[in-house]
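Have a look at the structure below, then the notes.
FYI, it's all coordinate maths here, none of it is from the lab. This structure is a prediction, so every number in the text was calculated from the model and none was measured. Here the Cβ is made from the backbone with ideal geometry for all residues, glycine too, and neighbour counts use every protein chain on show.
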Amino acid sequence: MTPRLTPLLRCLAWLSLPLTASAADVTAAVSSTPVATLSIDATASAGRVSPLHYGLMTEEINHCYDGGLYAELVRNRTFRDDDKQPAHWSAVHDATLALDRTQPLNAANPASLRVDIRASGGGVANTGYWGFPVTPSTRYRATVHAKAAAGFTGPLTLSLQSPDGSIVYARAKISRLSADWQAHEVTLRTARGITPTTDTRLVLGTEAPATVWLGLVSLFPPTWKDRPNGLRRDLMQMLVDLKPAFLRFPGGNYLEGDTIDSRFKWWETLGPIAERPGHPCPWGYRSTDGMGLLEFLLWCEDMKAEPVLALYAGYSLRGDYVKPGPDLEPFIKEALDEIEYVSGPVTSTWGARRAADGHPEPFPLRYVEIGNEDWFDKSGSYDARYTQFQDAIKARHPGLKCISSIGNEQPAQKRVQSRRPDVLDEHYYRKTADFLKDSPTHFDSYDRSGPEIFVGEWAAHETAFPPWDKQSKGLPATPNQWAAIGDAAWMAAMERHSDFVTMQCYAPLFANLNDYQWRPDLIGYDALRAYGSPSYHAFRLFSTHVGDEILKTTFGAGTSVQGSVTRDSRSGLIYVKLVNPLPAAQSLRIDLAGGRPLARTARVFTLAAAPDATNSLAAPAKVVPVASKLPVSSPSFTCDLAPTSVTVLELKPR
């Protein structure tokens, strides 16, 4: 006789199986499955869903900005990626290249590219971020800061072409150069009917021998809302589709930098791109800072999301820290000035600068985070640094809520003791098996009258080792369905407690598939194409099907199904989210007590696939939600859950 297994043991039995397990193995692991039940108490709300619950977290990692969301196509546009050679630039035909520090564009960008062209047709080519995305009937805006030696006045030709130059997709000319630096803007247009490709390069050349200096070369495709210095349209659409309520920026490790000097210096990211110096990114490449503070804020505005502003708080990744007290005061002033730039009136110093940058209206700001993952600070200085920051912020902005970067998932001795933070930021990167085990009860013991909880970074991984393990290198950037199951179980846990789990966001958000430093990531892309992972689709199902009231749920003994239920108080629509982690279908009996009578048909959205199934550039829609309908004859009804699936029911009142 086959022994009966508890839900947890049955689930763990399945988790212990390899993805290549035989049908007999799977059957044995889930045999004698009892009938699953879910009771929903709709007589009254069990709590209010935070309107900010679902959001996004971002930082420069995996070429998330440069080579990703930030739409700039030219790589190393101000020639600062390498001090010794013009990285990502190469000579074309009879030409030589050299970095020239005797002819700087400006103080922010102290080296230009000298191009000596000895014959007609010579020039310089840029590789872009693994090619330039050439598409039909497309307008590209080029900006070039250039000058020429005496005896040459132009023209300078720009062209998008194949690597060997045999195909020219678009061309434009700068008619005249002078001996002084000048900014030139031209437009390149592709023809109809061309086949989209990234097997391309950008070439700047002349029709006669010449010496030309380039200080900046920039090329933008059409951007979201056609903003100058804007964002990539397809990636922005994917984010907008998630309906995020907030954006946490600029990081992450990107906020701290490897050293104090390489932290995110927000004031250096303002103004014309030719005057931004950029800085080293802690993930192994240089950031242009084209995605500056104003661009982050406009990104929020375009998504109708609130900014959650992370402030540098005196700790950097290699262990550098600023001693609390007088040494920390300049960094507190930096933070107060940044807050003023974001939300201050135009009569303030930094509010006036924001207005001069084109946005006189203050941006909404309710939350600021003091530092990032300061539990790594071995000096133990965070309590004092946090206290000094919070006191200064509250004195100037008493309505702002301050977030501690150390939460309850860290040892008590590392947490802030001297002040009560308004919010605690907790980070969770866990195996799917661990999320499934922990999610049913994780937040049950939290004090609902304590600080708000912000789960500022989280993700499930399908591997036995964590994302930062060297074994992750070479694995696909985006997760599979099994990771999405862990993500969905964790989201259900957070949503059940979304009256005090105020905000939560998956991380990392993006990965350029040509070069990524961390996995798994929500969205993958190259220069031309993008796709959402199964976890992206699970997140979208959750973030776009949520009410404003939490309903109490009870899963019956003997079920491995997890989930959460919310209700829209205005329409009465009830959203039931269900996660079946088993490799076998399950029938779930749902009993609804109280509330308005239900319509006879419910809408159903199901994300189901084999555990190892995933999406890719070649198969971007292999794992996506499928819509269907379910007859509902009474407040008690049965729903069949597909194997390894995430299901959302919309129960509409009559």
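Here are the numbers for this structure:
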read-out: Full-extension gain in nm, A150 to S39, via 0.36 nm per residue minus C-alpha separation; value: 31.7 nm
read-out: Angle in degrees between helix 329-343 and the longest Cα principal axis of the chain, rounded to the nearest 10; value: 80
read-out: Reachable lysines from K378, criterion Cα separation under 16 angstrom, eight or more residues apart if same chain; value: K323, K414
read-out: Cα Rg, Dmax (largest Cα-Cα span) when computed across the chain, Å; value: 27.2, 95
read-out: Ascending count of other beta-carbon atoms within 10 Å, so fewest first, for V646, V342; value: V342, V646
read-out: For E650, E457, order by how many other beta-carbon atoms lie within 10 Å, fewest first; value: E650, E457
read-out: Angle in degrees between helix 534-543 and the longest Cα principal axis of the chain, rounded to the nearest 10; value: 70
read-out: Inter-part distance where region 112-132 and region 445-516 are each reduced to a Cα centre, Å; value: 43
read-out: Dipole magnitude of region 89-220, debye to nearest 20 (Cβ charges: Lys/Arg +1, Asp/Glu -1, about Cα centre); value: 340
read-out: Karplus (6.51, -1.76, 1.60) ³J(HN,Hα), θ = phi - 60°, over region 148-153, in Hz, Gly and Pro reported as x; value: 9, 6, 4, x, 10, 10
read-out: Alpha carbon Rg of region 309-431, scaled by the compact-globule rule 2.2 N^0.38 Å; value: 1.12
read-out: FRET E, pair V626, S445, Förster distance 41 Å, beta-carbon r, rounded to 0.05; value: 0.65
read-out: Distance in nm between pseudo-label sites at E268 and T195 (7 Å out along the Cβ direction from Cα); value: 4.5
read-out: Dipole magnitude of region 389-433 about its Cα centre (Cβ charges: Lys, Arg +1; Asp, Glu -1), debye to nearest 20; value: 40
read-out: Additional length obtainable on full extension of the chain from K394 to E329, 0.36 nm per residue less Cα span; value: 21.9 nm
read-out: Backbone N within region 621-654 under 17 Å of label point (7 Å from T554 Cα along the Cβ vector); value: 636-637
read-out: Relative exposure of K84, K147, judged by other C-beta atoms within 10 Å (fewest first); value: K84, K147
read-out: Antiparallel bridge percentage (DSSP; both residues within region 276-408; nearest 5); value: 25
read-out: Residue among A98, W130, I117 farthest towards the positive dipole end of region 89-220, charges placed on Cβ; value: W130
read-out: Extension gain (nm, one decimal) between D469 and Q85, 0.36 nm per residue minus Cα-Cα; value: 135.0 nm
read-out: Reachable lysines, given that their alpha-carbon falls under 23 Å from the alpha-carbon of K173 and they are not under 8 places away in the same chain; value: K147
read-out: FRET efficiency, T187 to D515 (Cβ-Cβ, R0 30 Å, nearest 0.05); value: 0.50
read-out: Relative contact order (percent, whole number), the chain, Cα cutoff 8 Å, 6+ residue spacing; value: 17
read-out: Amide H contacts of R48 (H built 1.01 Å from N, under 5 Å, at least 5 apart or other chain); value: I550
read-out: Reciprocal mean inverse distance between Cα atoms of region 592-654 - Kirkwood radius, Å; value: 13.4
read-out: Cross-link pairs K304/K552; K473/K622; K437/K629; K552/K577; K243/K577 - those with Cα-Cα distance over 20 Å; value: K304/K552; K473/K622; K437/K629
read-out: Span per principal axis, largest first, for the Cα atoms of region 89-220 (Å); value: 44, 31, 25
read-out: Using alpha-carbon coordinates, inclination of helix 481-496 to the longest axis of the chain, degrees; value: 70
read-out: For the chain, size of Cβ-based charge dipole, Lys and Arg +1, Asp and Glu -1, in debye; value: 1540
read-out: DSSP bridge orientation in the chain - percent antiparallel, rounded to nearest 5; value: 70
read-out: Space enclosed by the convex hull of the alpha-carbon atoms of region 197-346, per residue, Å³; value: 185
read-out: Unit charges at the beta carbon, dipole of the chain: most positive-side option, W266, S543, A599; value: A599
read-out: Cross-link partners of K470 among aspartates and glutamates (Cα-Cα below 12 Å; sequence separation of 8 or more within a chain); value: none
read-out: In nm, spacing of pseudo-spin labels at S166 and A593 (7 Å Cα→C-beta vector); value: 7.5
